[in-house]
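> Dumping the structure here so I can ask a few things about it.
What follows is calculated from the coordinates using simple rules that are stated; it is not laboratory data. Only a predicted model underlies this, so the values are computations on that prediction, with no experimental measurement involved. Neighbour counts run over all protein chains shown; Cβ positions are idealised from the backbone, glycine included.
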Ligand code: UD2
Ligand code: MN
């Protein structure tokens, strides 16, 4: 019942409202890929682009239909779009996924700038000019609007307010983070671009030539996921910069579930894309951190990436260490030099040590997904889980992880596949009677006192086979 041409609250900062932009901004093609999108959200996306952009800056709107099956997205959509001359509907003959669908859109685009949008967004007042201005200033600037939220059930427009950067964790999942202090200091006021280590992925403008110069996306990525980090790393490492432009606001529906299927399964597809990303752009020792958090991925196939590695060499891109030092020095890097890492498997039960989400050491079936089962044994003999450590053993029974402090943490000795021993008491890590918890007991040579981490390293950080 909500109009497909509704107005939205102008949530821009006041400083944005009086800004002036060059009168020779480059034109952009707007590329919107969709599959099984809802009718009204798709139309609202298109109308918001046309209604709130200066017409002379829109070369065209390419609606790339990634093989939708819903009837209303076929002829009725063609019919509807006939009355909007700038809009072209492109039909893909088979499902490609959003990455290759965007690449097909880019191939067809006429404008010198490409602007990608998800198919369930609403562009706010004055969203386009500040994006194009930054590309006009320097075509190696890749720019994202600040993303507001549209409530997925009420469709209420909720301004995001907070200024944040795009980032990632060591499982190579995109996250939002606070603006680091050095970046806050660099900015003069709230309207300034925010240099962002990564983009969320869906909404951005990029100079077309620059997009091709840095090798677009890895076309081996399927359906959904990880392309956002691939492009982000590549932009920074290969001579560009990535910014969030707070004066440009586009609202996105953060959906509770996706309306489309993943032909090979959601986790498998996302993980395969992520492994390709890691193989090409994330150098050691950081690649190893990723695999230690996702041990089940070791040795899984991810196809051929030799072309992408060649691309990186030809472009003479910086390495991942440079990226961390120069683009995201605020990122916390886990210990890269440790004796052992991964899940800790018990020889008697084949169950894994697990922090149970509350810091007590329980036993749980090994799930290979890291998280509560991701432990490290450091060269200074501490048993760690995230930023907690096993404290000195004072009382028998349940073990609880605490803050790390050399004075109060237990010294652990361990040989691959053998005992995990507390140096001061000489006791060995064992299972309790019902085998649901890990506790320390007198060493007795039993199988229940034998443990194995997923991986062991030498002093240089190399994996011991
Ligand atoms: C975010 C991004 C999204 C993409 C994704 C990682 C934002 C707001 N959204 O997830 O753009 O970068 O992270 O890959 O930053 N689609 C297809 N074919 C497919 C699957 C999806 O065309 O096989 C379309 C879909 O209709 C939508 C767009 O691609 O328009 C992004 O998909 P999403 O909205 O499900 O992704 P989202 O917002 O969860
Ligand atoms: Mn989306």
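> What spacing in nm lies between the two simple spin-label points modelled at residue 325 and residue 267, each 7 Å away from Cα in the Cβ direction?
A separation of 3.8 nm, rounded to one decimal place.
> Once the mean 1/r over all distinct Cα pairs of region 14-253 is inverted, what Kirkwood radius in angstroms do you read off?
Evaluated on region 14-253, it is 18.1 Å.
> Let me ask something additional. For the chain, give the share of DSSP beta bridges that are antiparallel, in percent and rounded to the nearest 5; count only bridges with both residues there.
Taking every DSSP beta bridge with both residues in the chain, the antiparallel ones total about 65 percent.
> Which residues in region 318-357 place their backbone N less than 18 Å from a point set 7 Å from the Cα of residue 435 along the Cα-to-Cβ direction?
Correct set: 344-354.
> Taking Cα atoms, how many degrees apart are the long axis of helix 266-281 and the longest axis of the chain, rounded to 10 and kept between 0 and 90?
With rounding to tens, the tilt is 90 degrees.
> Could you give me the radius of gyration and the Dmax of region 384-442, taking only the C-alpha atoms into account and expressing both in angstrom?
Gyration radius and largest Cα-Cα distance of region 384-442: 11.3, 32 Å.
> Tell me, how many Å apart are the Cα centres for region 258-283 and for region 313-367?
Cα centres, region 258-283 to region 313-367: 19 Å.
> If you don't mind, another one. Assuming 0.36 nm per residue, please report the length gained on full extension of the stretch residue 209 to residue 333 beyond their Cα-Cα distance.
Contour length minus Cα-Cα distance gives 41.2 nm.
> How tilted is helix 227-237 with respect to the longest principal axis of the chain? Cα atoms for both, answer in degrees (0 to 90, nearest 10).
Relative to the chain, helix 227-237 is tipped by roughly 90 degrees.
> Please give the contour-minus-distance gain from residue 413 to residue 84: 0.36 nm per residue of separation, less the Cα-Cα distance, rounded to one decimal in nm.
111.3 nm
> Expressed as a rounded percentage, what relative contact order does region 14-253 have, with Cα pairs under 8 Å and six or more residues apart?
RCO, region 14-253: 26 percent.
> Compute the Rg to Rh ratio over region 1-113 from the alpha carbon atoms, using the Kirkwood formula for Rh, and round to two decimal places.
1.00
> Here is a follow-up. Evaluate the relative contact order of region 1-60 (contact order divided by residue number), counting alpha-carbon pairs under 8 angstrom at least 6 apart; express in whole percent.
About 56 percent, as a whole number.
> Mind pulling the angle between the C-alpha long axis of helix 39-51 and the longest principal axis of the chain? Nearest 10 degrees, somewhere in 0 to 90.
With rounding to tens, the tilt is 60 degrees.
> Taking N as the number of residues in the chain, what value does Rg over Cα atoms divided by 2.2 N^0.38 Å take?
Details: Rg = 25.6 Å, N = 465, 2.2 N^0.38 = 22.7 Å.
Its radius of gyration relative to the 2.2 N^0.38 Å reference: 1.13.
> I've got another one for you. So for region 338-464, what percent of the C-alpha to C-alpha distances run longer than 21 Å?
Everything past 21 Å amounts to 30 percent.
> Using a 7 Å offset from the Cα along the Cα-to-Cβ direction at both residue 19 and residue 138, what is the distance between the two label points in nm, to one decimal?
With each label point 7 Å from Cα toward Cβ, the separation is 1.6 nm.
> Compute the length gained on full extension between residue 316 and residue 462: take 0.36 nm times their separation in residues and subtract their Cα-Cα distance, giving the result in nm to one decimal.
Extra length available between residue 316 and residue 462 comes to 50.0 nm.
> With a cut-off of 8 Å between alpha carbons and a minimum separation of six or more residues, what is the relative contact order of region 329-407 in percent?
That works out to 25 percent.
> Place the peptides 64-73, 122-131 in order of packing, highest mean first, counting for every residue the other Cβ atoms within 10 Å and averaging per peptide.
In descending order of packing, they fall as 122-131, 64-73.
> At a 10 Å Cβ-Cβ cut-off, how would you order 242, 77, fewest neighbours first? Walk me through the numbers before you get to the answer.
Values: 242 27, 77 23.
The fewest-first ordering by Cβ neighbours comes to 77, 242.
> Return the whole-Å distance between the Cα centroid of region 387-414 and the Cα centroid of region 33-95.
Each part reduced to its Cα centre gives a spacing of 59 Å.
> Compute the distance in nm between two label points, each set 7 Å from the Cα along the Cα-to-Cβ direction, one at residue 279 and one at residue 67.
Result: 2.2 nm between the two label points.
> Which order do 108, 275 fall in if you start with the one that has the fewest other Cβ atoms within 10 Å?
With the sparsest Cβ surroundings first, the list reads 108, 275.
> Please report, in cubic angstrom per residue, the volume enclosed by the convex hull of the alpha-carbon atoms of region 60-142.
Measuring per residue, one finds 117 Å³ for the Cα hull of region 60-142.
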